[in-house]
1. Considering only residues of region B:213-235 that are closer than 19 Å to A:Ala80 by Cβ and hydrophobic (A, V, I, L, M, F, W, C), which is farthest from the chain's Cα centre (by Cα)?
2. Tell me, please, whether a residue that is among the charged types (D, E, K, R), free of Cβ contacts under 8 Å to residues at least 60 places away in the same chain and surrounded by fewer than 22 Cβ atoms within 10 Å (Cβ to Cβ) can be found in region B:90-106.
3. Select, from B:Glu223, B:Glu181, B:Glu176, the only residue that is more than 11 Å from chain A (Cβ to nearest Cβ), in contact with a helix residue (DSSP H, G or I) (Cβ under 6 Å, 6 or more places away or on another chain), surrounded by fewer than 21 Cβ atoms within 10 Å (Cβ to Cβ) and of a type in the set (D, E, K, R).
4. Which residues, counting only those in region A:47-84, are crowded, with 24+ Cβ neighbours inside 10 Å, more than 18 Å from the chain's Cα centre (by Cα) and either within 14 Å of chain B (Cβ to nearest Cβ) or in a loop (DSSP other than H, G, I, E, B) (or both)?
5. Regarding B:Val39, is this residue part of a helix (DSSP H, G or I) and either more than 27 Å from B:Ala276 (Cβ to Cβ) or at pLDDT below 90 (or both)?
6. Can you confirm whether region A:288-297 contains a residue that is within 22 Å of the chain's Cα centre (by Cα) and acidic (Asp, Glu)?
7. Just the residues that are small (Gly, Ala, Ser) and in a helix (DSSP H, G or I), please, taken from region B:98-141.
Amino acid sequence: MKIRILVPAAVLALIVGAIAMSGAARTASEPIELLNVSYDPTRELYRDVNEAFAAHWLAKTGQAVTVHQSHGGAGKQARAVIDGLQADVVTLALAYDIDAIAKHTSNLPTDWQKRLPHNSSPYTSTIVFLVRKGNPKHIRDWDDLLRPGVAIVTPNPKTSGGARWNYLAAWGYVLRRELGDLSELHDPAAAAEVAAAEAAALTFVSDLYARVPVFDSGARGSTNTFVRNGIGDVLLAWENEAFLAAAELGAGEFEVVVPSVSILAEPPVTVVDHWAREHGTLEVAQAYLEFLYSPQGQRLAARHYYRPVSPEHADATDLARFPALDLITVDDVFGGWQQAQRVHFDDGGVFDRITAGGR
Amino acid sequence: MAGAGGGHRAAPRPRSGMSEPAPVRRLLIAATLVVAGCVLVLPLASVFAEALRGGLGAYLASFRDPEALAAIRLTLLVAAIAVPVNVLFGLSAAWAIAKFSFPGKRLLITLIDLPYAVSPVVSGLVYIMIYGANGVFGPWLAAHDLQVIFAVPGIVLATIFVTFPFVARELIPLMEEQGTEQEQAAMTLGASGWQTFRRVTLPNVRWALLYGVILCNARAMGEFGAVSVVSGHIRGKTATMPLQVEILYNEYNHVAAFAVASLLAMLALVTLVAKAVVERRAGAAAAQITTTEVETEPQRREAP
């Protein structure tokens, strides 16, 4: 009967061994490693940035650095960091998701967004439409999305940052259309008009989400649904994602449509102090994020269709691709991300009510 | 899956008593072939077609990518830990359940089946709740600088969980059917517990065991759901082959995605072939046992 004791002992030994091995592997590395936990569409950008930064850091300090990447919907990624994914830096789709990490853990200070210039966003983006070749459904602006027979593809706002920007852009568009001037939002005398505009926005966004056949968990999943699986007539997408899809996936098969009004999306970056300190990577992590603001980082951002915060460093041909459009901001229209999240996306918020009623 | 082990026990029955009219038979066969073709063969073929779309050079180049190699290595490592663990567990559990009676036996059998019933996503989340930063053991693990979730140990644990029943489920029905007579005989002749197990029990179940190992291995290498939840998706570090397929696909790198997928498909084919071989051998072994039993039966009755 000895075997009965031997078996659990062997199992335990194996598990403990595996844990110990992974622990040893982490501490024994001489060339330094960074983990950048990012959102979905930044894959191509950070592949180039990581290579350029590694060369930059090697030349500057003589130390080899490998930056590892993890990508997914921004909400999901923030959740993973809260649950213990040991990110040295996070580069997510919106400030709220990094706020969530600061709120649920003590891994970084709550005022993280003040640590780097431009609200810690080295590049910005916006939301545009991607349609099929020749624009068969004649989609020019937000109102065209609600015409009969138009199916819309957008990811799930619960897990995807891009999806939340999509939602808020649509909402902001209706407010702008109804009110004309968004300063009325802050004018107590116009309260009745604002309430009517908000009601119109609710109807508009409800109708919009009733036309979404598939909710993917991240922006890249939605792009694949639209592009590869051929589902839907229009994809609400990050500007960078739309241009990438239009340029790389069978040029000429898709067209980018720029609406009259969209939202200024600021995807922020920050060091996760706790893990960087733990891994001894604080300095290189800081340098990595600063590199994003450097002329080289800015040029790479523009090349990958992100709007650089210092356009003077980017190539003129890259900049020429960005269309001029009217951009609203989350702070102006929604009172900042905390409030937007609470009102629209938290459990029991507007988005939940829309989707519960419509389906 | 649970009933798969029964395959080699069902002897071919003579079907002379029933016969459908030929057209019906042909229609049924054709319908089966069409469905099997659309559901099974076509997707499998398309995996290889997509993988080879850019030519053999591009296909092979996909495997020189360090991230793909890391994914293959990690998958092999995970299977190399999960399969032996489940073999040890499956053997001991099946032995205990089939050869002894003890309180809680039914409960244990039900527990073994749990991973079949639970969605892999849930099993992944449960590990996060236990070993994650905010989990039950989270603070203790952090204090000792150990990382389970979003690292290799978490992937191994999740894989062990989902492949838990495969070996035990193959062995239990066979061992129960075989009964304890041979073991009792061995014991009577003075064999120790370990000798009995090694010389009598193990040889009797070796084909079912192998069958369980094959299925367990296929699932361990192919598991997506539970592993996806606990992996953290760090490319080159915590991405197994199925996760790497998803990453590559999401990066519009379709040739590479389907190249890695083709490895998994080949694994499936190898599994099927191995399974067929084992089934045939097991069938032969079972037939042999039956004939010996029949021959020895009269002598045993005469003995007392």
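1. Here the answer is B:Ile234.
2. The first filter runs over region B:90-106 and keeps only residues among the charged types (D, E, K, R), leaving B:99, B:105-106.
Narrowing the set further to residues that are free of Cβ contacts under 8 Å to residues at least 60 places away in the same chain leaves B:105-106.
From what's left, surrounded by fewer than 22 Cβ atoms within 10 Å (Cβ to Cβ): B:105-106.
The answer is yes; a qualifying residue exists.
3. Values: B:Glu223 fails: surrounded by fewer than 21 Cβ atoms within 10 Å (Cβ to Cβ); B:Glu181 fails: in contact with a helix residue (DSSP H, G or I) (Cβ under 6 Å, 6 or more places away or on another chain).
After ruling out the rest, the residue left standing is B:Glu176.
4. A:Gly84 - this is the single residue of region A:47-84 that is crowded, with 24+ Cβ neighbours inside 10 Å, more than 18 Å from the chain's Cα centre (by Cα) and either within 14 Å of chain B (Cβ to nearest Cβ) or in a loop (DSSP other than H, G, I, E, B) (or both).
5. yes
6. Checking region A:288-297: at least one residue is within 22 Å of the chain's Cα centre (by Cα) and acidic (Asp, Glu).
7. Within region B:98-141, the subset small (Gly, Ala, Ser) is B:98, B:101, B:104, B:117, B:119, B:123-124, B:132-133, B:135, B:138.
Listed by number, the residues that qualify are B:Ala98, B:Ala117, B:Ser123, B:Gly124, B:Gly138.
Yes or no, residue by residue, for (1) touching a Pro at 6+ places or on another chain (Cβ under 9 Å); (2) away from chain A (no Cβ under 12 Å); (3) at pLDDT below 90:
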{"residue": "B:Glu67", "(1), (2), (3)": "no, no, no"}
{"residue": "B:Arg73", "(1), (2), (3)": "no, yes, no"}
{"residue": "B:Leu77", "(1), (2), (3)": "no, no, no"}
{"residue": "B:Val85", "(1), (2), (3)": "no, no, no"}
{"residue": "B:Trp95", "(1), (2), (3)": "no, no, yes"}
{"residue": "B:Tyr116", "(1), (2), (3)": "yes, yes, yes"}
{"residue": "B:Tyr127", "(1), (2), (3)": "no, no, no"}
{"residue": "B:Leu141", "(1), (2), (3)": "no, no, no"}
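The values are calculated or read from the model by the stated rules, or taken from the named source; none is laboratory data. Since we're looking at a predicted model, the values are computed, not measured. Reconstructed Cβ throughout: ideal geometry from the backbone, glycine too, with neighbour counts over all protein chains shown.
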